[in-house]
Amino acid sequence: MASGDRKSPEQTNQPLSPPTPIVQENGTPTKRVLITSLLAGVIGGGAGLVSKHRIAHPNIPTVYATNCAIVAGCYCGARESVRITRRSEHDDLMNSAIGGLFSGALLGRLQGGPQGAIRYSLVFAAVGTAFDYASLKAKPMLESYRNMESFKLPEWSPIKVLDEEALAKKKAQEEKIFPERVLGKLNKE
C-alpha cells in the first residue's frame, strides 16, 4: 500500500466529531475529591474524639482524621481518574469498583506487602462500590427532604409555628412590653 492511497483527516470532507467532555456539570474532579477527603477527615477526627484510646494517646483524633482523609483521597482520586479515562458518567458503579481495586492495591502494598495489596484491593472495591451504591439509592430520598416546603412539628412539641396574623400580634405585644421592661430597669437603678 502506497502512502498516497491513505486518506488523512485533512483530505476528507466530513467534519470530525467534537471530543466528549471530561468535566461534566457536577463540578470538577478535583473539587469532588477535595470535598470528599475533607469530609472524611472531619468524620475521622470525630471518631478519634469519641475513641476510648484518646486518653492514652491524646493525638489520636489527628491520626484518625489524617488516615481517613488519605484513604478517602486515594479512593476518590482513583475513582475520578477511572471515570475520566473511561469517559463515563459520574454515577457509574464500575468506576467505583476499578478505583477501589487500584487504590486498595496501592495502599495495601504500602501497608502489608504483596498479600496486603490483594486483600486491600478486594476490600476497597467491595466497600467503595457498596458505599457508592448506597449513596446513589439515598440521593432521591435526601433530595425529597431538601425540597420540602415546610417542616411539620409534632402536636406535642412546645415550639409553635406562627402564621402572619399571630406573628403580627406577638410583635405588637412585644413592642408594648419592651418600654415597660426598660423603664422598670431604670426605676430599679
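Only four residue types carry charge here, +1 at the Cβ of Lys and Arg and -1 at the Cβ of Asp and Glu. Report the dipole size of the range 23-166 about the Cα centre in Debye, rounded to the nearest 20.
Values: 15 positive and 12 negative charges, 186 e Å.
Once rounded to the nearest 20, the dipole reads 900 debye.
Could you tell me the calculated FRET efficiency between GLN111 and ILE43, based on Cβ-Cβ distance and R0 = 22 angstrom, to the nearest 0.05?
Calculated transfer efficiency: 0.60.
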Calculate, in nm to one decimal, what VAL182 and ASP92 gain on full extension: separation in residues at 0.36 nm each, minus their alpha carbon distance.
26.0 nm
Whole-angstrom gap from the range 55-88 to the range 106-124, using each part's C-alpha centre:
15
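Every read-out reported here was derived from the displayed coordinates using simple, explicitly stated rules and does not represent laboratory data. Because the structure is a prediction, the values reported are computed rather than measured. Reconstructed Cβ throughout: ideal geometry from the backbone, glycine too, with neighbour counts over all protein chains shown.
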